[in-house]
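Student: Sharing a structure with you now.
The values are calculated or read from the model by the stated rules, or taken from the named source; none is laboratory data. Just so you know, these numbers come straight off a predicted model, no measurement behind them. Every residue, glycine as well, gets a Cβ built from its backbone with ideal geometry; the counts of neighbours run over all protein chains shown.
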Amino acid sequence: MNLRATTLFTIGTAMLAIAGCTGSSTQPSGSSSVVSPKGVLPTPNSVIRFGDQPVTLSVGNVVVTQPGATTYTFEVATDSNFTAKVQTKANVAEGASGVTDVKLDQLSGPADYYWRARASSGGTVGVFGPIYKFTIGPPITIAAPTLVSPIANAAQGSMPELVIGNAQKSGPAGVLVYRFEVSTSQSFSALVVDRTVAEGSGGRTTLESPVELPAETTVYWRVTATDQANGVSSPVSATGAFVTSLAIDLSKVVYLNSPNASNWARTGFLQLVEQDGAGDGPMCTKFTDPGWPDSPWPYGEEPGKYTVFANQWYFARIGGAWYGGAGEWIYRAAGSVCKAGQTTTNIGPDSGFGYPFSTWRPAVGELVGYMVSSVARPGVPRTVDQRTNIVVLPWRDTSRGSTLGAPSVMFTAPGIQ
């Protein structure tokens, strides 16, 4: 080789080395040429909700000049110079569908992040491709709801109102809903109520039990708050407990001059009872009218002129057993009815219950049960067999020291006493 040729070879080799270090997409450590990967997802400058993590980074598979396994390295940093790397995912096998993905570990928010990727194949380590940016939004946190009532084994009826304090939240949380779980098992292995309701106003949310709970049973309940729009839930609340001691098991009632109502469907809801046993004092009931059919009234000077659609019921625990029967008739009048006929020597004297109601004198404060049903008392044709829930309250008698405000609604059906 002459001097000129030697000189040209030396200069050419040096120029190739410089080009390999500064302008090539590959490092000359192997025999394969590797192109820099380009990002597919997330799209540049995406804003990702904190709750939508983990973030998946995707690049299109690169072109290589030699056959062999291709792997990828992904880097994530909080700065575009990658001096503050927070995650590196190396040796990620190439995907089979033209795209290679990697899931990141959870990132903090709110914060901006930068990412890039490179490929390696045939002993050649490629250079990193373009730099992309995405943003993780602020985290959403929801504290466990606080149980307000009933708690601490409080005495309750069969359909109590459950009350919670609304959950505290931080971050860009959406509207919360609350899942109420009610069970007769402390482990909540079987639920008698599983209902989700929207958040209430005034800092509290309530749920009236949609079903009758078992009588004289310890019942457990708990609540979880959820931001459905962001997919974030609170821890479950503490467990509350109450006892349905103000309820009556209809299957164990001794029925007096009345049908067995234990299998009757509950279609109405008894909301309020106001009662006074003094003299011929009234019992007032406020209940939802489910549309029970009217039945003709067969008595009086003009039989059939009037109709009735319901009866008030009375329940008393006498000698350790619950007795019950249908009492006064109810004429349809907006579901709010006051009927006279509660003397202190018996309940509903014109009902003909018989013994032991005929001799029973309730003590002031003694628990007595009330219910309303479709027509049930003998003498008027029954229509449907349906009822409300039972309300159990202490017996009141203003002639014996009880205090009782005037009934809010008074009603007497014309011609029906």
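Student: Would you confirm whether or not segment 148-157 contains a residue that is β-branched (Val, Ile, Thr), in contact (Cβ under 8 Å) with a residue 40 or more places away in the chain and not assigned by TED's automatic domain parsing to the domain that holds GLU94? First the steps, then the outcome.
Tutor: In the first step, residues of segment 148-157 are kept if they are β-branched (Val, Ile, Thr); the result is 148, 151.
Imposing the further condition that a residue be in contact (Cβ under 8 Å) with a residue 40 or more places away in the chain reduces the set to 148, 151.
Add one more test, that the residue is not assigned by TED's automatic domain parsing to the domain that holds GLU94, and what stays is 148, 151.
Scanning segment 148-157 turns up at least one residue that is β-branched (Val, Ile, Thr), in contact (Cβ under 8 Å) with a residue 40 or more places away in the chain and not assigned by TED's automatic domain parsing to the domain that holds GLU94.
Student: Continuing with this model, one more query. Check segment 202-212 and report whether any residue there is in a strand (DSSP E or B), under 21 Å from GLY171 (Cβ atoms) and at pLDDT 95 or above.
Tutor: Within segment 202-212, the subset in a strand (DSSP E or B) is 204-208.
In the following step, the residues that additionally are under 21 Å from GLY171 (Cβ atoms) were identified as 205.
So of that shortlist, the ones also at pLDDT 95 or above come out as 205.
Among the residues of segment 202-212, at least one is in a strand (DSSP E or B), under 21 Å from GLY171 (Cβ atoms) and at pLDDT 95 or above, which makes the answer yes.
Student: Something else: Please find, within segment 189-210, the residue that is farthest from ALA144 (Cα to Cα) out of those that are touching a residue at least 40 places away in the same chain (Cβ under 8 Å) and touching an Asp or Glu at 6+ places or on another chain (Cβ under 6 Å).
Tutor: GLU208
Student: Which ones in segment 158-200 are part of a strand (DSSP E or B) and of a type outside the set (A, V, I, L, M)? Before the answer, list the steps.
Tutor: First, pick out the residues of segment 158-200 that are part of a strand (DSSP E or B): 161-165, 169-170, 176-183, 193-198.
Within segment 158-200, GLU161, GLY165, LYS169, SER170, TYR178, ARG179, PHE180, GLU181, SER183, ASP194, ARG195, THR196 meet the criteria.
Student: Within segment 162-171, work out how many residues are surrounded by fewer than 16 Cβ atoms within 10 Å (Cβ to Cβ) and modelled with pLDDT under 95.
Tutor: Adding up the residues that qualify gives 1.
Student: Looking at segment 201-224, which of its residues are surrounded by fewer than 16 Cβ atoms within 10 Å (Cβ to Cβ) and farther than 17 Å from ALA152 by Cα? Write out each step before concluding.
Tutor: Filtering segment 201-224 down to residues surrounded by fewer than 16 Cβ atoms within 10 Å (Cβ to Cβ) leaves 201-204, 206, 208, 210-211, 214, 216-218.
Once the filter is applied, which keeps residues that are surrounded by fewer than 16 Cβ atoms within 10 Å (Cβ to Cβ) and farther than 17 Å from ALA152 by Cα, segment 201-224 yields SER201, GLY202, GLY203, ARG204, THR206, GLU208, PRO210, VAL211, PRO214.
Student: Something else about it: So in segment 123-153, with the set limited to residues that are of a type in the set (Gly, Ala, Ser) and out of contact with any Ser or Thr (no Cβ under 8 Å at 6 or more places or on another chain), which one is nearest to VAL175 (Cα to Cα)? Don't jump to the end; show me each part of the working.
Tutor: The first filter runs over segment 123-153 and keeps only residues of a type in the set (Gly, Ala, Ser), leaving 123, 126, 129, 137, 143-144, 149, 152.
From what's left, out of contact with any Ser or Thr (no Cβ under 8 Å at 6 or more places or on another chain): 137, 149, 152.
Numbers: GLY137: 18, SER149: 23, ALA152: 30 Å.
Going through the qualifying residues, I end up with GLY137.
Student: While we're looking at this one, here's another question. For the subset of segment 351-397 comprising residues that are of a type in the set (Val, Ile, Thr) and more than 43 Å from the chain's Cα centre (by Cα), which member is surrounded by the fewest Cβ atoms within 10 Å (Cβ to Cβ)? Can you show your working first?
Tutor: At the first step, the residues of segment 351-397 found to be of a type in the set (Val, Ile, Thr) are 359, 364, 368, 372, 375, 380, 383-384, 388, 390-392.
Add one more test, that the residue is more than 43 Å from the chain's Cα centre (by Cα), and what stays is 359, 380.
Working: THR359: 10, VAL380: 18.
For segment 351-397, the residue satisfying everything is THR359.
Student: What tally of residues in segment 172-191 results from selecting those that are surrounded by fewer than 18 Cβ atoms within 10 Å (Cβ to Cβ) and either in contact with a Pro (Cβ under 9 Å, 6 or more places away or on another chain) or not assigned by TED's automatic domain parsing to the domain that holds TRP221 (or both)?
Tutor: Number satisfying all stated conditions: 2.
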